[in-house]
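A quick write-up on the structure given underneath.
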Ligand code: RIB
Ligand code: CA
C-alpha cells in the first residue's frame, strides 16, 4: 500500500501479542510485511496454531513464518505455568482450531529477504517474544544496514516478572538478548517498568462484551483471561505488555524513551536474564539503546480499544 511504512513483527503469539498485532494492523501508516513466530509463551507448534487461529477468527491475511523452537543455549521454558498450554489464558472461548499454511519455515531467511528489498535504515522490527530469531538475524550479519528501529517488548529498568530480576522474553533467551543489545542497532526497549503505567481493567472486558459476534466474545474471554493473571476477581489492573511496544512503534509520541546502557546478565544464579539499565549516560556508560521510562496511558488505551474494535468488526 502506497505510503505505508513496511515493518516486521516477531512474536510468541500470546494474547497481548494478538492485541499488539491488531494495533499495527489498525495503523494507517504501517504495513506488516511478515510475521516471524518464536517459541515463548508456548512451544512453537502451539504458537503456529495460535497464528492460524488468529487469522481465522479475525480474518487476518498475514504471512506467518516459523522460527526458533528453542533458545540459543538453554532448554525452552514457556509461560504455561501462568497461561496454560495454549499460551493464551481465557475465561471461556479460545482461538478456533484452524488449518493454515505457513509462508515459510524459516523466519530469519524471510526477514533477510524482506530487508534485502529495502533502502538503508528503513525496515522496522517489532519484537514481542524471546529474541532468538532476531539474534540469529543479527549473527548472520546480512542486510543489517537496512534495519531501522528494533522495538522490543522485554526487560525492565527495575524488577522482573518471570523471576524477581528478569522479564519473561529476556529470561527465556538471555544470550539472544545480549546479542541484540550488543549489535549497535537502533534498539528501543519497552520494559515492565513502563508497561505498569498502562493497564487493562475490568471495564475493558465489559466494553468488549458489548460487541456482538464470535470474534468479539472470544476477544472478551481472552481479555478477561489476561486480566485474571493479576487477580482472579479482576479487581486489579493488569499491565499491558506487547501493546505498549506496538504503540512505541506506531505512535512514538505516546511513549517516553531515554538513552541507556543495557546489559543482560548471563551468569547470575538469581539474576540471569536481568536487563541491567544504566540511565546515567554518557557520564557512566555509552548508550546502546533507548528504554521506555513513561507512557501516555490514556492515549495508548484509546489506541488499543480502537484496534480491538476494528479486529472484531469483521
Ligand atoms: O513479559 C511479558 C512478555 O512475555 C510478553 O511479550 C508476553 O506475551 C510474553 O511473551
Ligand atoms: Ca509476547
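None of the figures in this text is laboratory data; all of them are computed from the coordinates on show. Note that this is a predicted model, so its numbers are computed, not measured. Because the Cβ atoms are built from the backbone with ideal geometry, glycine has one as well, and the counts that use them run over all protein chains shown.
Measure of size requested: the Rg and Dmax of the stretch 1-77, with Cα atoms as the atom set and Å as the unit; please supply both.
Cα only, the stretch 1-77: 13.0, 43 Å (Rg, Dmax).
For an R0 of 41 angstrom, estimate the FRET efficiency from the Cβ-Cβ distance between residue 305 and residue 279 and round to the nearest 0.05.
Approximately 0.80, to the nearest 0.05.
Can you tell me the alpha carbon radius of gyration of the stretch 106-231 divided by the globular rule-of-thumb value 2.2 N^0.38 Å?
1.28
Ranked highest first by average number of other Cβ atoms within 10 Å, how do 69-81, 151-163, 31-43 line up?
Working: 69-81: 15.3, 151-163: 22.3, 31-43: 24.7.
Highest-to-lowest ranking by the protection proxy: 31-43, 151-163, 69-81.
Would you work out the relative contact order for the chain, in percent, from Cα pairs under 8 angstrom that are 6 or more residues apart?
20 percent
Quickly rank 206-214, 268-276 as a protection proxy: mean count of other C-beta atoms within 10 Å, highest first. Don't skip to the end; give the middle numbers.
Details: 206-214: 13.4, 268-276: 17.4.
In decreasing order of mean packing, 206-214, 268-276 become 268-276, 206-214.
May I ask for the distance between the Cα centers of the stretch 161-219 and the stretch 27-81, given as a whole number of Å?
What the calculation gives is 14 Å, centre to centre.
Please give, to one decimal in nm, the separation of the simple spin-label points placed at residue 101 and residue 313, each 7 Å out from Cα toward the Cβ.
Here the answer is 3.1 nm between the modelled labels.
Among the DSSP beta bridges whose two residues both lie in the chain, what percent are antiparallel, rounded to the nearest 5?
30 percent
Answer rounded, prolate or oblate for the stretch 33-92, using the Cα gyration tensor with square roots of eigenvalues a ≥ b ≥ c: rounded when a/c is under 1.5, else prolate when a/b is larger than b/c, else oblate.
On the way: a/c = 3.29, a/b = 1.19, b/c = 2.77.
Oblate.
For the chain, just list the percent of Cα-Cα distances falling in each 20 Å bin from zero outward, please.
36, 60, 4
For the stretch 184-279, restrict the atom set to alpha-carbon positions and state the Rg and Dmax in Å.
Considering the stretch 184-279 through its Cα atoms, Rg and Dmax are 16.9, 50 Å.
Suppose R0 equals 22 Å; then what is the FRET efficiency for residue 117 and residue 145 from their Cβ-Cβ distance, rounded to the nearest 0.05?
Step by step, r from the Cβ atoms, then E = 0.95.
Classify the stretch 33-173 as rounded, prolate or oblate, taking a ≥ b ≥ c as the square roots of the eigenvalues of its Cα gyration tensor: rounded when a/c is under 1.5, otherwise prolate if a/b is larger than b/c and oblate if not.
Oblate is the answer for the stretch 33-173, as a/c is 1.5 or above yet b/c matches or exceeds a/b.
Highest first, please rank the peptides 120-131, 278-289, 46-57 by the mean number of other Cβ atoms sitting within 10 Å of their residues.
120-131, 46-57, 278-289
How far is the Cα center of the stretch 267-314 from the Cα center of the stretch 243-263, in Å?
Their Cα centres are 5 Å away from one another.
Provide the gained length on full extension for the span residue 217 to residue 271, in nm with one decimal, where the gain is 0.36 nm per separating residue minus the Cα-Cα distance.
Values: separation 54, 0.36 × 54 = 19.44 nm, distance 3.98 nm.
Stretched out fully, the residue 217 to residue 271 stretch lengthens by 15.5 nm.
Would you calculate, for the chain, the mean residue ellipticity at 222 nm contributed by helices, counting each DSSP H stretch of 4 or more residues as -39,500 (n - 2.57) and dividing by all residues, to the nearest 500?
Taking each H run of at least 4 residues, the total per residue is -10000 deg cm²/dmol.
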